[in-house]
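Structure first, commentary second.
The values are calculated or read from the model by the stated rules, or taken from the named source; none is laboratory data. Remember, it's a predicted structure, so these values are computed and weren't measured experimentally. Cβ placement follows ideal geometry from the backbone for every residue including glycine, while neighbour counts extend to all protein chains displayed. For accessibility, only protein heavy atoms count, side chains too; no ligands or nucleic acids. Shrake-Rupley method; radii C 1.70, N 1.55, O 1.52, S 1.80 Å.
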Amino acid sequence: MDPSEYDLAFFHREGFHRRDCAGCGRAFWTLGDHDRCQEAPCREYGFIGHPIFGRSYGLREMREAYLRFFETRGHTRLRRYPTVARWRNDVFFTQASIYDFQPWVTSGAIPPPANPLTISQPSLRFIDLEEVGRSGRHFTLFEMMAHHAFNRPDHEVYFKDRCTELCHELLVGELQLDPRAITYKEEEWEGGGNLGPSLSVGASGVELATLVFMEYIRDGDRLKAMPLTVVDTGYGLERFTWASQGTKTAYEAVFGSAYDELRRTFPPREAAILLDHARALNFMLTDGVVPSNSKEGYFARLLVRRALRLLAKAPEAPELVALLDRSARELAHDFPELGMHREDLHRVVVAEIERFGEAVERARQTIHRYDERMRSTGGKVTPDDLLQWYDSLGVPPDLAVEELSDPPAIPDDFYRQVAARHECEAPTSDYVEATEGLPDIPGSVPPTEVLYYLDPYTVAFDAHVVWAGGPFVVLDRTYFYPTGGGQVTDRGHLGDLEVVEVDRRGPWVLHRLERPAPFHVGDRVHGRIDPARRTQLMQHHTATHLLNGALREVLGPHVWQTGAYKGPEAARIDVTHYRPLSKEELHKVERRVNEIVREDRRVKSYFEARGEAERRFGFTLYQGGAVPGRELRIVEIEGFDVEACGGTHCTHTSEVGAIGILEVDRIQDGVVRLTFVSGERALDVREEHEEILREAARRLGVPVPKLPDGIDRLLGEVEETRRVARERRKEDLGAIAARLEATEGAGEKAGDVTLFVGEFELDRNGLMELSRLLTRSANRVAILAGETEGRGTLFIGSTASGVPARSVAEAARPAFDGKGGGNPSAATVVGEPGAPLAAALEAARKAARGLALATG
RNA sequence: GGGCACGUAGAUCAGCGGAAGAUCGCUGCUUUCGCAAAGCAGAGGUCGGGGGUUCAAAUCCCCCCGUGUCCA
């Protein structure tokens, strides 16, 4: 990065000078006389015991001081965003404040909710999980305080100079940090294809803040200027609080008395881990993470299990639920939503604790059995076994060792080996731009006025063509709903041409026609939307909201929508839940939604300022994913459910008609999928189902209510028939065996051995069963011929130790070009089609006889 | 989203290329006034589903489905 990027007027105005750090070699700006930048490792921690700010702040005071500082300097204060980044599909969690605005605001697609703005964003990072408690400064959940500005060519808010000035003013003016203690270190920042200069703000050994200026797009080796430049800052709330108190570790400063209390039972590291995990879990669970074995749920499970293992070490330790509760009560002062659904949260956690117990018990049994087997066979349990158990059973090696009578040593690099096992996995991204395959529209084309938001009932309209290319047409206004928000596209006609797909691209709605459009810019066209399809989609969409509301009511507020699809045939909704739905819960949900339908509640759709909507309804608005626009479209089912949603909806619940849930699946640990129908489709499906029932009943010859009995009867009969057939076969074979044994001379004597030789109309299995009957006593050999799928088959069974069946088979094999083998007691040979079976039988007889006489 | 492990009798599991097993539970009989217990006998399996390899597959290979677990 060019040094001139950092040559800020602010630095010169204030008398900063630029130096190269004697430690890391990087350039930095300072008012002091340091020869090194003031960050670890170039500078040791100097603030422990010597707080660097004017006074000591608590977490809350520090947050408030920060936000107010920027508020009084023209920034709008924003409430926190959820810690689960549902609006993105490239990450699970909000890891920094800028995540709140990616990708739509930072790409310029949507205006920022405020500009400039300030926020303290709870963020989750699991990269340094092992460092939590150990380093004295790491957390899985931390608050990133920030001020952001988004600059367009036509609207410059502020950039490097003013940003740095604000930061300096905060540190020196507001917090009374010695201005000479600060260093602004030059660092290049790059991420997501963008880059720009950044300043790392250090003092007394601690990195207090990072000021990032997103300015360029990497285009091969060249840099292109971004149309929208972004001020992205990050100030660690915990770090600021710590530095203001100068305690030994950040945990004392952040957790306060809760830390002191836990320290009576646990060593410092464990106390810090427990409090950190409790805090992170409260945010995660409140924001709708349900512990599970995949995706974001796994991280909740990880924290729960780590905490449980620590708690299990001390008999006088609090219960996990109590620990979480205590943490939630404190957090609720600043984040009221964290205290709101404690009982539901308890149920989620208790269910998770139970599952952990089951997993441990299962693992214990498996390991115990394995240990017994090793003990009896003289085998040894290896370190590889420990690895395997950790990976597949979830037993940490120290726990596994406790179960073993002769445990192996746990390798020092155990977790490295675990990591190595997972090394070859390439991270895959299914991030597909919704605009893929769509044409580029010139920026000069006026945006489409979307009318379906205002009136979902109008299905015929006139509009003007503003752009046309291939089969795509953009109109100045449209009632066609484009695929989005889980609702599939409208269909219909523009003029005489069929509209097969409608998509949204930026500010335009693209109508895709059945063939290249004969339209020209300026043409007036008549649009007609397929009304039946639209109605059905509206019914399914409103029904989805109704179900979501009912699920939250019946199962609890931990239920969040994780996905949805509304098609013309059926719709489905995926929600988080920690166990399969019971039949009763399902019935309750179905009854409840149909009740709301009958009550004919109003469904209001309107736009509202984001902050106002959040204040009124909370984050549960973002069921379909949070869109960080300035204005939200709110769909409110009066007194029942409120969501931010861009879909077309009925205006009264009665229009939805009946709702029928067709299927319930657990599509993933922690996620339940309901497939359902409403409106006309519900009636159709019900008719179909009734017809199926009637037909099934007719075929069984029972009335519909007796169907289950009828099926039981039928199954009983099938089983009986099978039993009888099996019995019959057994009898038949028994009769053959008995006849052979009784017939004089049928059993050929060879020394002590009795040989039974014969050809039967039996296949391999039949021969095998017959052989079994003939060789129930010792010193018998059965050499039986039959046919399997057109091939001559020989089966040899033996209870004579001197006459191994396998040897007999081998002797017979060449006689009819056969293949086969077996063991001493049983063997099979199958010949080529048409090969002389009789010769093979004779060869086998001779061989068996020879062997018998040789030993006799 | 990926890796690994697992899916066999009502339950818990063994078997891991050659003729489906153990323990508990169940049924009957013996014993007992009865119960428990013991002894004896018996019933109960498309070895998750579908393909393939093989003379032969619960067992090996592939694809699904389900469960668990680790990791992102």
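Rounded to the nearest 0.05, the FRET efficiency derived from the C-beta distance between A:Cys24 and A:Arg375 at R0 = 45 Å is 0.20. Taking Lys and Arg as +1 and Asp and Glu as -1, the other residues whose beta-carbon sits under 14 Å from that of A:Ala363 total -2. Rounded to whole numbers, the Karplus 3J(HN,Hα) couplings from phi for region A:120-137 are 10, 9, x, 10, 10, 9, 10, 4, 9, 3, 5, 7, 4, x, 8, 7, x, 9 Hz, using 6.51 cos²θ - 1.76 cosθ + 1.60 with θ = phi - 60°, and x at Gly and Pro.
Less than 5 angstrom separates the built amide H of A:Glu207 from those of A:Ala40, all sequence-distant by 5 or more or on a different chain.
For A:Glu316 and A:Ala835, the difference between the fully extended length at 0.36 nm per residue and the C-alpha to C-alpha distance is 178.7 nm. For the listed peptides A:155-163, A:186-194, a ranking on the average number of other beta carbons within 10 Å per residue, highest first, reads A:155-163, A:186-194.
Under the rule a/c < 1.5 gives rounded, and otherwise a/b versus b/c splits prolate from oblate, where does region A:359-421 land using the Cα gyration tensor? Note, shape of region A:359-421 comes out oblate. Each residue of region A:749-759 was assigned a 3J(HN,Hα) from its phi angle through the Karplus expression (A = 6.51, B = -1.76, C = 1.60, θ = phi - 60°), giving 8, 9, x, 7, 9, 9, 9, 10, 10, x, 10 Hz with x at Gly and Pro. A simple count of charges around A:Pro111, restricted to other residues whose Cβ falls under 12 Å of its Cβ and scoring Lys, Arg +1 and Asp, Glu -1, yields +2.
Packing order of peptides A:227-239, A:5-17, highest average first: A:227-239, A:5-17 (average count of other Cβ atoms within 10 Å over each peptide's residues). Per atom type, chain A shows carbon and sulfur on 49% of its accessible surface, probed at 1.4 Å. Taking amide hydrogens as placed 1.01 Å from N in the peptide plane, the amide H of A:Glu449 sits under 5 Å from those of A:Arg477, A:Thr478, each at least 5 positions away in sequence or on another chain.
Using the heavy atoms of the protein chains alone and a 1.4 angstrom probe, what is the accessible area of region A:255-340 per residue in square angstrom? Don't skip to the answer; put the middle values down first.
Values: 3350 Å² over 86 residues.
For region A:255-340, the solvent-accessible area averages 39 Å² per residue.
The mean accessible area for residues of region A:359-421, using a 1.4 Å probe and ignoring ligands and nucleic acids, is 61 Å² per residue. For the peptides A:760-768, A:698-706, residues were scored by their other Cβ atoms within 10 Å and the scores averaged per peptide; the highest-first order is A:760-768, A:698-706. Expressed as an acute angle from 0 to 90° and rounded to the nearest 10, what is the orientation of the C-alpha long axis of helix A:342-377 relative to the principal long axis of chain A? Between helix and principal axis, roughly 40 degrees.
Subtracting the Cα-Cα distance of A:Lys295 and A:Asp709 from their residue separation scaled by 0.36 nm leaves 144.7 nm. The calculated 222 nm mean residue ellipticity attributable to helices in chain A amounts to -12000 deg cm²/dmol, summing -39500 (n - 2.57) over DSSP H runs of n ≥ 4 and dividing by all residues. For A:Thr793, the shell of other residues with beta-carbons less than 15 Å away shows a net charge of -4, using +1 for Lys and Arg and -1 for Asp and Glu.
Enter the angle in degrees (range 0 to 90, nearest 10) between the Cα long axis of helix A:59-71 and the first principal axis of the Cα atoms of chain A, meaning the one along which they spread out most. For A:59-71 against chain A, the angle is about 60 degrees.
For A:Lys185, the lysines whose Cα falls under 25 Å of its own Cα, not counting residues fewer than eight places away in the same chain, are A:Lys160, A:Lys224.
Potential lengthening of the chain between A:Glu680 and A:Glu131 amounts to 191.9 nm, from the contour at 0.36 nm per residue minus the alpha-carbon distance. Heavy-atom accessible surface of region A:449-529, averaged per residue, reaches 42 Å², computed with a 1.4 Å probe. Across region A:334-483, the mean sequence separation of Cα contacts (distance under 8 Å, 6 or more residues apart), normalised by length, yields a relative contact order of 14 percent.
Each Lys and Arg Cβ is given +1 and each Asp and Glu Cβ -1; about its Cα centre, region A:359-421 then shows a dipole of about 220 debye. Residue order by solvent-accessible surface for A:Asp712, A:Asp684, A:Asp287 is A:Asp712, A:Asp684, A:Asp287, largest first, with ligands and nucleic acids left out and a 1.4 Å probe. Less than 5 angstrom separates the built amide H of A:Phe93 from those of A:Ala85, all sequence-distant by 5 or more or on a different chain.
Students often get this wrong, so check it: of A:Lys730/A:Lys846; A:Lys295/A:Lys566; A:Lys295/A:Lys583; A:Lys295/A:Lys588; A:Lys583/A:Lys706; A:Lys380/A:Lys819, which have C-alpha atoms separated by over 32 Å?
Numbers: A:Lys730/A:Lys846 30 Å; A:Lys295/A:Lys566 24 Å; A:Lys295/A:Lys583 27 Å; A:Lys295/A:Lys588 29 Å; A:Lys583/A:Lys706 21 Å; A:Lys380/A:Lys819 40 Å.
Check vs 32 Å cut-off fails for A:Lys380/A:Lys819.
When the Cα positions of A:Pro116, A:Val677, A:Thr448 are compared along the charge dipole of chain A, A:Val677 comes out farthest toward the positive end, with charges on each C-beta of Lys, Arg, Asp and Glu. By the gyration tensor of its Cα atoms, with a ≥ b ≥ c the square roots of the eigenvalues, what is the shape of region A:107-248: rounded for a/c under 1.5, prolate for a/b over b/c, or oblate? Prolate, because a/c is 1.5 or more and a/b exceeds b/c. Angle of helix A:160-169 to the longest C-alpha principal axis of chain A, folded into 0 to 90 degrees and rounded to 10: 80°.
Apply the a/c threshold of 1.5 to the C-alpha gyration tensor of region A:232-334 and tell me whether it is rounded, prolate or oblate. Cα axes put region A:232-334 in the oblate bin. How big, in percent, is the set of alpha carbon pairs in chain A lying more than 51 Å apart? Within chain A, distances greater than 51 Å cover 41 percent of Cα pairs.
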